[in-house]
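The values are calculated or read from the model by the stated rules, or taken from the named source; none is laboratory data. Keep in mind that what you see is a predicted model, and the values were worked out from it rather than measured. Because the Cβ atoms are built from the backbone with ideal geometry, glycine has one as well, and the counts that use them run over all protein chains shown.
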Amino acid sequence: MSATIYLVGAGGQLGKALRASDKASARVRALTSADIDITDEASVANALAGLGAGDVILNCAAYTDVDGAESDVGRAFAVNRDGPGHLARMSAGSGARLIHVSTDYVFAGAAATDDAPPRTVPYEPADVTGEPETVYGASKLAGERIVFDTDPTATVVRTAWVYTGAPTSSDFVGTMRRLESARPDITVVNDQTGSPTYAPDLADGLWELVSTDPDGPAAGVMLHATNAGSVSWYEVARAVFEELGADPERVRPCTTDEFPRPAPRPAYSVLSGASWTTAGLTPLRDWRAALQAAVTGDRTGRG
Ligand SMILES: NC(=O)c1ccc[n+]([C@@H]2O[C@H](COP(=O)([O-])OP(=O)(O)OC[C@H]3O[C@@H](n4cnc5c(N)ncnc54)[C@H](OP(=O)(O)O)[C@@H]3O)[C@@H](O)[C@H]2O)c1
């Protein structure tokens, strides 16, 4: 009998991209929040009742409202720490493989100060995270730790700045598309640097990971997976305008201080792709080619 892939968080942005990928197999059991509540151990046991050796749990479920988490601490930790803990107990107890998705926000990514220059070196999985500056980041870091403590053979994949860019989506690229037609000009922060990641590209990478030997180099390690390159949100917005045929000069730069949010964003959270290739996986293409693919709808982009 062939193995089953339990896709947890199947109704979210990444979960939907995983389901839509042409690399998804018939063996996928898509579990939305209507099918499983990862904060509830009994619900997890019930939804994964058939789990056995050789099966895979691919967890994309998370509390992802970064600003909301600041005032909803209990819920953020229940979903982002306790939930992965419950899933890891199931994988460890059954011999199934757990692949858990985490975030660049586990890194403090502090802004430059008078005493310290801005960071310019992408983070490796082994780098010390520091104390995350947000409840979301702290809860996801706690989730990573409980996963490895409970199931040392699990794989945790950190990603960053995920978007589909669909015109109706609430992600950054979708929002810029709407603002381009709604406003004469817009102002976007130019002092936060990261790696925008096109959800379908990440989905393909995760399917490749699923297809690898469960006892291979990806077992029991942390990996980083983003589209290649680093850029500020301001530069991403300009690129969206370019792809739409609009004048990128309509995008103006501003600082984070001018646009405060309840949860402070890391100033620099670029993730190195070295661990991904070391594990034998195909690097995700450059962020600019991926953005073109997202906006034009042509998956090939320029990559
Ligand atoms: N989006 C980004 O920019 C980004 C960046 C870095 C890392 N990540 C990570 O990537 C992963 C996927 O994120 P995403 O962008 O796909 O987020 P998303 O669109 O918010 O999807 C998260 C999914 O988790 C589900 N969920 C929430 N609580 C649950 C629970 N208790 N039990 C079961 N399901 C639950 C949600 O269902 P409901 O909507 O029905 O509640 C939703 O479908 C997460 O681990 C996230 O931390 C995302």
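Structure data summary
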| read-out | value |
| --- | --- |
| Residue ID - farthest from residue 263 (Cα to Cα), chosen from residues in region 130-162 that are buried (at least 19 other Cβ atoms within 10 Å of the Cβ) and among the hydroxyl-bearing types (Ser, Thr, Tyr) | 150 |
| Segments classed as helices (runs of 4 or more DSSP H), wholly inside region 1-120, with at least 1 members that are under 29 Å from residue 191 (Cβ atoms) and at pLDDT 95 or above | 13-20, 73-77 |
| Options 69, 20, 26: the member that is touching a residue at least 24 places away in the same chain (Cβ under 8 Å) and closer than 26 Å to residue 219 by Cα | 20 |
| Selected residue (criterion: farthest from residue 263 (Cα to Cα)) from residues of region 31-66 that are in contact (Cβ under 8 Å) with a residue 60 or more places away in the chain and more than 12 Å from the ligand (Cβ to nearest atom) | 54 |
| Pairs with Cβ under 9 Å, 6+ apart, first in region 285-297 and outside any helix (DSSP H, G or I), second buried (at least 21 other Cβ atoms within 10 Å of the Cβ) and acidic (Asp, Glu) | 285/201 |
| Every residue from region 1-45 that is surrounded by fewer than 21 Cβ atoms within 10 Å (Cβ to Cβ) and closer than 21 Å to residue 74 by Cβ | 12, 33, 37, 39, 40, 41, 42, 43 |
| Residue in region 22-40 that is touching a strand residue (DSSP E or B) at 6+ places or on another chain (Cβ under 8 Å), at positive phi and not aliphatic (A, V, I, L, M) present | no |
| Qualifying residue in region 171-189 (condition: assigned to a loop (DSSP other than H, G, I, E, B) and either of a type in the set (S, T, N, Q) or modelled with pLDDT under 95 (or both)) | no |
| Residue 214 over 24 Å from residue 249 (Cα atoms), surrounded by fewer than 22 Cβ atoms within 10 Å (Cβ to Cβ) and in contact with a strand residue (DSSP E or B) (Cβ under 9 Å, 6 or more places away or on another chain) | yes |
| Residue count for region 7-30, restricted to those that are within 12 Å of the ligand (Cβ to nearest atom) and of a type outside the set (A, V, I, L, M, F, W, C) | 7 |
